[in-house]
Structure formats: structure tokens, C-alpha cells
Amino acid sequence: MEFFSARNVNKVFADTKALTDVNISVNKQSIFGLLGPNGAGKTTLIRIINQITAPDSGEVFLEGRKMSRADIGQIGYLPEERGLYKKMKIGDQAIYLAQLKGMSRHDAIKNLKVWFEKFEIMTWWNKNIEELSKGMQQKVQFITTVVHKPKLLIFDEPFSGFDPINANLLKQEILNLRDEGATIIFSTHNMGSVEELCDHIALINKSHKIVEGQVDEIRARYKSNVFEVKYRGDFDKVSRALSGQIKVLDHIEDKRANQITVEHYNGKSNNDLIQALIPVAEILSFEEKIPSMNDVFIKAVQESNRK
Amino acid sequence: MNDKSPDSHFPTSVFGLPTFLKMNKTLLILKQEYLKRVKKKSFIILTLLVPFLMAGMFALIIFLSINNDKKERNIAVYDESGLFLGEFGNEGYTKYTFIQKEQYTKLSSGLKETEFYGVLYIPGDIYTNNSAQLISEKQIPFEVNEQIERKLSRFIENDKKSKIIAESGIPDLGERLEATKTSISLKTLKISEGGEAKSSSSAMAFGASYAMGFIIYFFVFMYGAMVMRSVMEEKKSRIIEVIISSVKPFELMAGKIIGTALVGLTQVAIWVVLGIAVMFGVQSFFSPETAQQMGQSIMEGQQNMNPAAMQTVEPNKAMEILDMIGNLNLPFILFSFVFYFLFGYLLYSSLMGAVGAAVDNDEDSQQMVFPVTFPLILSIMVLFPIARNPEGPVAFWFSIIPFTSPVAMLARVPYGVPLWELLLSMFLLVLTTIGAIAAAAKIYRIGLLMYGKKVNIKELIKWLRYKN
């Protein structure tokens, strides 16, 4: 079920295009990855969703309704550039920020206490931000983003500045929020976390959306006839048997099993490969190589830049 | 992966909250800005200290002026002419002791070991030469100098006078001459448009106009800069993106400007209350005994001058001053003050807020804020000429042009301003303020998320042309 969508969104700054006819659709209770190189237009799109800037044309919808200023209370936004008031007690500014999102003071305190307990930072309540390390500040910032229980959460590089233990804690909390009903838009350059967390992604490059879909489906779409074969036998014989028909991209020789990475071309099928190998080697395993999101990202962006 | 049931941590009512329970966001920001500043130690210290510093200064001046005369000074008098023996009475804290020639010779070589403060030498030919000599090892205070001069000349004058009276053969000539003494006090009247004459004092109006112009300048500058710094702080700490994803930039700006204005008003209110309290305190500390003492020392000092005139003139002067303050048209001045203060502050704080939003480092802000505050600085520079000549062309133009009128018009108000000029000035100021707020809001909105760009006036004008 669609929870959020952007339809034909255009935005031009002075003479640079930030977004050109961008459409995205985010399902309810899913994690949507918003990917793209630096300067692609991701932040502009996020700011349009947050009603910080207005699109030149096109619209954004929340639960089927056109979004308005009143909806911003339902959004939690963690920008890439973090910041809190330097000379203000942590508890006080968390309450203030929650109130700005439309919470009552009473509810804000109640919810904040739950989160502070959960992150075991209750002792920081009366400290100034200046006294905390960067990672600690990130925790506070995360809490201020989610405390008003927004239906739509936007995280821009949420894991930057966290150590692996805290990054993992945060990952769990993000998944929990989704399971509790939140819909999440997640922007990052860390493709590992995209594979781990995202259900859907959209890849934006130079103001255009170039790829969109389910993560597994996209990775499958970008597979490029590359296979990994483990075998017992002599690499030289294998190499000679394949020459002229199948390209060997890589090979590893090992005591237990050798491995080659090959690419089909000239319309050769898997069976052709196996037939060529049977006389010279014992095949142990045969697997098509699925590209990582990192590969997909690079390939898709390079292809789109070539156009 | 997750065993918690949905909503286990949250009250489900957050989004069901009726809108009337949601606090207006501008109000929230206003409250936040206000409390943040008012709770600051520096604010509390400054606010409490200033009136006490002022009171302390006044008290010190009064204290010194009283105690100055309390110092006992013993002056040795060597009267070569032999005319003044018995005529030199002690006056105030100054005592006179007549000495002989031998002692005088001894004293003129050094006063250190003696009880004398100074030695007065009255030469034998004082009648013709009109000069005497006072030797001391210290700087002789003006009052002592003046006292001795007065005593000497008064005696010789009276002596000469009585000789003439005796020669003339008119027995009551002394009294008749005394009766010719006249003291004219000039009462300046100003005819208002209604043809009603009111007494005015140029000094009073000058003081009032200068003070008010300066107060407006000071507050507009100080609190405008406060708004600017507050905007810059949010931009520099990057919290601004979170804030404007919660509130409209205009709501944020309005909350800041009004909140800061309330801080200023709070400060003024505290000063007024403390000022009144301190005034009463000082009064009750010094009076009635001290006041009497002060009065006495003044009277003693002027005893010989014109005792009868003294007693009658002083109360009249006081009444006159009160009368003049009353004639300053206080409600009108107060209204103008509040009006120009409010709009001057709104005009400059919105512009300075926009500057704070446009720049992202302190050096740039220094550079950008100068062209914005230049008219304000200019108006304080012409404040003196305006207060001196409130009807000249400088006064006229500066009090009509909106960017300088908050200071310049206030400097003219105590003298009285033609109604049409005042209304024109107010109208233009309101119009300009509205325009400035609209322009500032635009710059503010665009500038807040603009980082790493060197901003200049040309760039700002470009921003103003952006649609939406």
C-alpha cells in the first residue's frame, strides 16, 4: 500500500536542475532507500518532502492526500548535517524540538524519558551538548527525530559518526520503528546498509531518477552473465578448453578447489560452459554472480552519465 | 527481529491531539528565545548592575561634594595692612588664624610640621594693588580660593562704600543702594499652534532630545545585533534544518524578533523599577539631615552674598523646572518614544536577522552588517546638530527618511514637531518596516540553508528577485 509518493517533481535553482520529473512511491511500513551521487538532488527532494522548499511543478502526496504544511508534524527528519543548540541543556532542547513538532510538553517529557532510558543516557538530561562526544550527540539527535512518533521518517546518513556497536543499536531501532508502523526514507552512500535494510530503492543521478524498484529485483536486473565455477583440475587445461568461447575474468588456485569467474558472450548458454568444462575438470559448484548494490550503483550511474 | 508490540512506548494520542491544544509555534519560539536570554547570567548581572552603578555614581558625586567641604582647613593669616583683624570669620570648615610677622617668615619656608593648611599674606598695599597671596603645599580647592577672594573684596568694597556714604551726607544711602540690586531671571516662552504660551527650557529639551535619541540608538543596535547573533547561531550549529522542517521560517523570525524585544522591555522595566527604588533609597539615605547639611554649606557659602535673594530664588527655580518638565508634553513624548522604538527596532532587527541568515561566518557578518546599520550610525552622528537646531534642514530630512527617523525624530519631539511632518515620518517608517520585513523574510528563507557561499549585496538582491 502506497504511503508516500512524489509525482512529476521538478525543481530548478538559478540555472542548475535539481530535480527533473521525479516520481517515487514509498509503501507503508517499508524502508525506502534514496540513493545517488553527491549533488544528484536527493537533499532537494528531502527538503520538498519536509515542506522546506516548494517544487517548481509536481506534487507530493501522503496517504493519498496532497501534502500540506500541516503534515510536517507527522515527519521526523534527521538531516545529514547534524546540529543542536550548543548552550542549552539536552533535556530542555529535546522538549523544545518535540514541542515544535506539535507535541504537548507533558507528552514530550513522557516520550523522551522512555527513549533516554532505552539509550541509557538519562544521566545526560541536564548536561550541555558541548560536554558530549560526537557519537553521543548523534544519539540525542536521533531521539529528537523520532520522539514525536512520526509516521514518516527521513534519515540522511543516519549511521555516520557512530561506532559499530551503536550503529547496530541504531539499525535495530530503525527496524523496530518500521515494525511499529513507521514508513522510512533512508538516504545513504553506504550500500552495505542499503542491502541490509531497504525494501525498495530509487537511484537519482543528475536530477533524474534512473533506477527504481525492489532491492533484490534490481540486483538481479543488473546481473551481467557472470558466473563463478568451483572445480578440481588444472587451470591451464580449463583455460585452453574455454578459450574462444567464454571469457575468464578471474581465477583463484587453491589446494582444495580452484575457482574461475567467467562471463558468457556470443550467446553461449550455461550448458555450453558446462559441456566445455566436463572433459577437463570436475565441477564442484556453479553459481551466477549477483552484483552488490555497490556494483549496481556504479554501473547505473556510469551508464546514465554516458547517455 | 522485534518482539515489541506496536505503540508499546508511545501514548497513542499524540496525533489525535486537538489543534487548540497545540501551542502556537511562534509563541513557543518567542517563549524559548525570551527565557534563554532572560535566564542568562550576563543578562541578570547587567540588568541588576546598571542601576546600581548609576546610583553608585550619583551617590559618589553627592558624597564627594559634601565631604569635600568637611575637611578642616586651618589657614594662617598674616595681615600686613592691619585692616582685616577680626574681620576674617571662620566659614564652613575653613578656619582663619591671625599670625605675626616672625611666625609668617617661619611658615613661608615650610608648612609640613605645622597645623596650618596654608598661609595667607595680605600686603600693606592691598587697597591699591588689589592682590594678596595664598601659599600652600597642596593644590588649593576652588571653593577656598573663591571664599578668600570674596572675603577680601567684600571687605574693601564695603569699606569704600561706607566712606562714600559718609562723604555724601545722605544717611540712608546704604539702604537705597541696596534696594537697587536687581536679579532678572529670563523665562523663555514658546507659543504653540493653539496660541497658548508655555514656558520652555532649551536646556531641558536639549537634554531630553539627546537622551532619547541615544536610548533608541542603543537599544535598536543592541537588540538588533542580538537577533542577528541568534539567527547565526542556529545556522552555524546546523540545527536550522531541523527547526525549519518544524516551523515556517517566518514564524521563526517573528518569534525571535518579538521574543528579543520582550527581553529589552523586561530590561527597561526592571531598570525603571530599580531606578525608582534606588532613588527613594538614596533620598532617604541622604535626607533630611544630609540634605540640610548640604543646604547649610551652600547657605553658609553664600551668606555674605545676598541672603534675602537666595531664599526666595531657590524654591522658584525648583518650581520652574517642575513646570518645564510638565510643559514637555510627556504623554506625547512617551507615545513617540514607544512608536519609534518599536518600528525602529522592527526595521533594523528584521534586516539584521536577514544578514544573520545570509552569512555563515563572523567576518562576513561584520562586512554585511555595516551597510545595514550605516543609516543608524549616521543618525547618531547628526543627533547633536539636530538637538541644537531641531528645525533646520538636517533635522527635517533625517527625521523624515525612515532609516534615520527613529533616532532623528525622537531628538526633535521634545521641542515640538509640526503634525504633518510627524505623520509623514511615521507613515513612511511603517511602510518601510513592512517592506523590510517582507524582504528580510525572503532573504531569511533562502539564506538559512545556504552554506559556503560568499554573500554580498548583489547576491541578496538576486535572492529578492526569486519567485516563491
Net charge over other residues, Cβ less than 13 angstrom from the Cβ of B:Lys256 (K, R count +1; D, E count -1): +3
What average number of partner chain Cβ atoms lie no more than 10 Å from the Cβ of the residues making up A:176-184? 3
What FRET efficiency, computed as 1/(1 + (r/R0)^6) with R0 = 30 Å and r the Cβ-Cβ distance, is obtained for A:Ile290 and A:Lys17, rounded to the nearest 0.05? 0.35
Of all trypsin sites (Lys or Arg not before Pro) in region A:231-297, the ones in DSSP coil with at most 11 other Cβ atoms within 10 Å are A:Lys255, A:Arg256
Indicate the gyration tensor shape class of region A:187-259 (rounded, prolate or oblate), computed on the Cα atoms with a ≥ b ≥ c the square roots of the eigenvalues: a/c under 1.5 is rounded; otherwise a/b larger than b/c is prolate and the rest oblate. prolate
List A:Leu132, B:Leu342, ordered by accessible area with a 1.4 Å probe, largest first: B:Leu342, A:Leu132
Counting pairs of Cα atoms in region A:2-220, how many percent are more than 21 Å apart? 55 percent
What is the angle, in °, between the Cα long axis of helix A:105-118 and the longest principal axis of the Cα atoms in chain A? Nearest 10 is fine, range 0 to 90. 40 degrees
Solution diffusion estimate, µm²/s, Stokes-Einstein, region B:339-461, Kirkwood Rh from C-alpha pairs, 10 °C, viscosity 1.306 mPa s: 104 µm²/s
If the viscosity is 1.567 mPa s and the temperature 4 °C, what translational diffusion coefficient in µm²/s does Stokes-Einstein give for region B:71-172 when Rh comes from Kirkwood over Cα pairs? 88 µm²/s
If Lys and Arg each add +1 and Asp and Glu each add -1, what is the summed charge of the other residues whose beta carbon sits under 13 Å from the beta carbon of A:Leu19? +4
Of all DSSP beta bridges in region A:2-220, what percent run antiparallel (nearest 5)? 55 percent
Peptide B:224-237, shielding by other chains (average Cβ, 10 Å cutoff): 1
Quick one: of A:Lys151/A:Lys299; B:Lys138/B:Lys160; A:Lys17/A:Lys66, which pairs are farther than 27 Å apart, Cα to Cα? A:Lys151/A:Lys299; B:Lys138/B:Lys160
Highest-first arrangement of B:165-175, A:13-23, B:239-249, where packing means the average Cβ count within 10 Å: B:239-249, A:13-23, B:165-175
Over all residues in A:100-110, what is the mean tally of Cβ atoms on other chains that come within 10 Å of each residue's Cβ? 5
Got the relative contact order for chain A handy, in percent, Cα pairs under 8 Å and 6 or more residues apart? 20 percent
Run through region A:204-307 and list the GluC sites (Glu not before Pro) located in a DSSP loop whose Cβ has at most 10 other Cβ atoms within 10 Å. A:Glu253
For a quick check: with amide H placed at 1.01 Å from N, whose amide H comes under 5 Å from A:Glu157's, ignoring anything fewer than 5 positions away on the same chain? A:Ser187, A:Thr188
Hey, what angle do you get for helix A:164-179 against the long axis of chain A, alpha-carbon based, 0 to 90 degrees rounded to 10? 80 degrees
25 Å Cα-Cα threshold exceeded, pairs from A:Lys209/B:Lys235; A:Lys42/B:Lys31; A:Lys209/A:Lys247; A:Lys42/A:Lys110; A:Lys86/B:Lys40: A:Lys209/B:Lys235; A:Lys42/B:Lys31; A:Lys209/A:Lys247; A:Lys42/A:Lys110
Taking H placed 1.01 Å from N in the peptide plane, check which residues at least 5 places from A:Asp56 or on another chain put their amide H under 5 Å from its amide H. A:Asn10, A:Lys11, A:Val12
The local net charge around B:Ser365, scoring Lys/Arg +1 and Asp/Glu -1 for residues other than B:Ser365 whose Cβ lies under 13 Å from its Cβ, equals -1
What's the extension gain from B:Gln100 to B:Met381 if we count 0.36 nm per residue and subtract their Cα-Cα distance? 95.0 nm
Can you classify the protein assembly as shown as rounded, prolate or oblate using the Cα gyration tensor, where a ≥ b ≥ c are the square roots of its eigenvalues, rounded means a/c under 1.5, and otherwise it's prolate if a/b beats b/c and oblate if not? prolate
Listed residues B:Leu265, B:Gly118, A:Val211: farthest to the positive end of the dipole of the protein assembly as shown (Cβ charges): A:Val211
In the calculated pair distance distribution of region A:224-288, what percentage of Cα-Cα distances lie above 17 Å? 27 percent
What are the aspartates and glutamates whose alpha-carbon lies under 14 Å from the alpha-carbon of A:Lys28, with same-chain residues fewer than 8 places away excluded? A:Glu2, A:Glu63, A:Asp179, A:Glu180, A:Asp199
For B:Phe98, distant residues with modelled amide H under 5 Å away: B:Val77
Rounded if a/c under 1.5, otherwise prolate or oblate - region B:103-151, Cα gyration tensor axes: oblate
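The values are calculated or read from the model by the stated rules, or taken from the named source; none is laboratory data. Everything quoted here is computed from the prediction, not taken from an experiment. Neighbour counts are summed over all protein chains in view; Cβ atoms, including those assigned to glycine, are modelled from backbone coordinates with ideal geometry. The accessibility values were calculated without ligands, DNA or RNA, using every heavy atom of the protein model including side chains. Shrake-Rupley method; radii C 1.70, N 1.55, O 1.52, S 1.80 Å.
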